[in-house]
Amino acid sequence: MRRALTYAWLLTLFTVPLWLQDQYLLHIAIVTGIFIIAAMSLNLLLGYTGQLSLGHVAFFGIGAYASALAAVGFDVDIFGHTFVHDPWPAALGFLIGTAIAGLCGYLLGKLSFRVRGAYFVIVTVSFAEVTRIVALNWVDLTQGPLAVTNIPPFTFGLPGMGAYTLWSKASYYYLVLVVAIAAYVIIKRLVSSRIGRAMIALKGNESLAVSVGIDVTRYLVLAAVVSAALAGAAGSLYAHYIKIVDPDIFLFIYTVTMVIMVITGGKGTLAGPIVGGLIFGFMPVVVRSFAPPEVQWILYGTLMILIVFLLPQGITPAVERFVAARIARRENGDENSHLEALPDASRAGGTG
């Protein structure tokens, strides 16, 4: 049943550009998919290790800038030495942005996982603000507030068919979908492995996990690297789709958006960020059709409050519990009906 449902979902997702003719809604689907990837990466830290990062947008922005600059090229002077970089293919920029974001996650993890709780949150927020200030003031490299523009789209070479450039929204939708599926598979394989069980143990009871020999720093840093790399991949997709990157990409509201998707969908679940992302990605479009801007924010906030109060563990766990309860009641009903069909002596254990 679950496998059939998975295939149905995949079939629906892969056919979206065929039946969704509205290009604006397809644009919303693409941007929502990009932020779902970022939310899935945050869920690896928040949901499976219990570490709240409020600076996760830094990795998103680092991936975007690194990929954009690798594809556009730059000429920068560092300590009296001039470094000139010629433009590289956008696909290579994607790999570079992902790798640099993962490296930054490693460095931040090595430094910040020595502290916990509010101190870790402060470190991540500070890191995001530092990256924003660097992007704003290192004008020679990032163009500062003028932004990096003319970012090329992805181009893929097809054997015997030449090169194919992703100009249309439909083609870019499929690219985002493939990357999202790859991110989902990576996270699922990770959390289902021995490494994932160690991460979950650290979330449940860190002292007990340490007492049985789990290396806290090692597993938390590994989670930070994978999480940061996936966020960087999402940032790269965003940069090459929007084709412009400025320091506003490091705004705190983007981290808040990721956290909302994870918390409302259900942290610590694979489907949680996807469910939360779809709801809060398309909800503004729906509300905008009948409500003025000030009412939109009121409805947006009201929905978040209701979900947090009524479904504190998130939408996905609540749906799973509901489905499990229905199945259990159905099985119990079938068993009871079977017993009622037996003779009285048989139900009583007698021989008649």
**Q.** Percent RCO, i.e. relative contact order, over the chain, from Cα pairs under 8 Å lying at least 6 residues apart
**A.** 28 percent
**Q.** Global form of the range 1-97, assessed from the alpha-carbon gyration tensor, a/c cut-off 1.5
**A.** oblate
Q. The chain: D in µm²/s via Stokes-Einstein (Kirkwood Rh, Cα pairs, 20 °C, 1.002 mPa s)?
A. 96 µm²/s
Q: Find how many whole Å separate the alpha carbon centroid of the range 258-278 from the alpha carbon centroid of the range 184-251.
A: 15 Å
Q: Sequence neighbours fewer than 8 away in the same chain don't count; with that in mind, list the lysines whose C-alpha is under 22 Å from Lys169.
A: Lys243
Q: Could you provide, to the nearest whole Å², the per residue accessible area of the chain with probe 1.4 Å?
A: 54 Å²
Q) Once you charge only the Cβ atoms, +1 for Lys and Arg and -1 for Asp and Glu, what is the size of the charge dipole of the chain about its Cα centre, to the nearest 20 debye? A) 820 debye
Q. If the cut-off is a Cα-Cα distance under 21 Å, which lysines reach Lys267, setting aside same-chain residues fewer than 8 apart in sequence?
A. Lys188, Lys203
Q) Can you give the net charge of the other residues whose Cβ lies under 13 Å from the Cβ of Ile28, counting K and R as +1 and D and E as -1? A) +1
**Q.** the range 140-214, relative contact order [Cα under 8 Å, separation at least 6], %
**A.** 12 percent
Q: Would you work out if the range 24-148 is rounded, prolate or oblate? Take a ≥ b ≥ c from the square roots of the eigenvalues of the alpha-carbon gyration tensor; rounded if a/c is under 1.5, else prolate when a/b is larger than b/c, oblate otherwise.
A: oblate
Q. Which percent of the accessible area of the chain is formed by carbon and sulfur heavy atoms (probe 1.4 angstrom)?
A. 67 percent
Q) Can you list the residues, at least 5 places off or on another chain, whose amide H is less than 5 Å from the amide H of Phe154, using H built in the peptide plane? A) Leu166
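The values are calculated or read from the model by the stated rules, or taken from the named source; none is laboratory data. Not measured: the values here are computed from a predicted model. So basically every Cβ, Gly included, is an ideal-geometry build from the backbone, and we count neighbours across all protein chains shown. The protein model used for the area step is the full one, side chains on, heavy atoms only, and it has no ligands, DNA or RNA in it. Shrake-Rupley method; radii C 1.70, N 1.55, O 1.52, S 1.80 Å.
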